[in-house]
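Heads up, the thing below is written out as structure tokens.
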Amino acid sequence: MAAAQDGILEELRRLRARVPQLTGALAADADGLVLAQDTPGVDPEAVAALTEATRTLAAQLADETGQGDLRELLVRGVYGYVATYAAGPCAVVTLLAQDRVHLGRLHLEGRRAGARIGELVDSAVAEHTETTAKAPAKAAPARPRAARTSRAKPADTRATATAPSVARTTTES
């Protein structure tokens, strides 16, 4: 995953160069853990965790209203924007931008970066899955066995309930 993190960080830096009004960018996994970040002056772990919580609610809103899978989320504050874009099925890209950013450009570049980062994350996950599937299973360490002795089984002292017999008898009179 280290190679993927380097690629993700490089993509975030290129994105910030293409959109000068960006003040920060980060990629996080589906659990809200930071994969890579370029967010000076902002706590990336807090942003990633809040992004995940907000993304979860927005996904529920999109689903409940019949809009389908969540693709992006935009929050506008007094001083700028927080935009989150899907990055494949298991990651997101969150961008922080100044209020004067061109929203069309932000969306265009954010979606492109999300697609590229999604590919990087997906290939890293596939590589990890392949590696773990090919690795031989480690044998559990042998535990010393205690010497076996012959023991008589204790008698079963449980009372057994027998069902009353329901036999019909006929008598002739």
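Every number here is computed from the coordinates shown, using simple stated rules; none is lab data. Computed from a predicted structure; not experimentally measured. Methodologically, a virtual Cβ is constructed for each residue, glycine included, from the backbone with ideal geometry; neighbour enumeration extends over all protein chains shown.
Table for the structure above
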item: Size of charge dipole - the stretch 2-133 - debye, nearest 20, with Cβ of Lys, Arg +1 and Asp, Glu -1, no other charges; result: 780
item: Ranked packing of 23-30, 54-61, most packed first, by mean Cβ within 10 Å; result: 23-30, 54-61
item: Label-to-label distance, nm, for residues given as residue 128 and residue 10 (7 Å Cα→Cβ offset); result: 2.0
item: Relative contact order for the stretch 2-133, counting Cα pairs under 8 Å that sit 6 or more residues apart, in percent; result: 25
item: Rounded to whole Hz, the Karplus (6.51, -1.76, 1.60) HN-Hα couplings of the stretch 18-29, x for glycine and proline; result: 6, 10, x, 7, 6, 9, x, 8, 8, 10, 9, 7
item: Additional length obtainable on full extension of the chain from residue 76 to residue 50, 0.36 nm per residue less Cα span; result: 7.9 nm
item: Kirkwood Rh in Å, taken over the stretch 1-116 so that all alpha-carbon pairs contribute; result: 14.0
item: The stretch 83-133 - percent relative contact order, Cα under 8 Å, separation 6 or more; result: 44
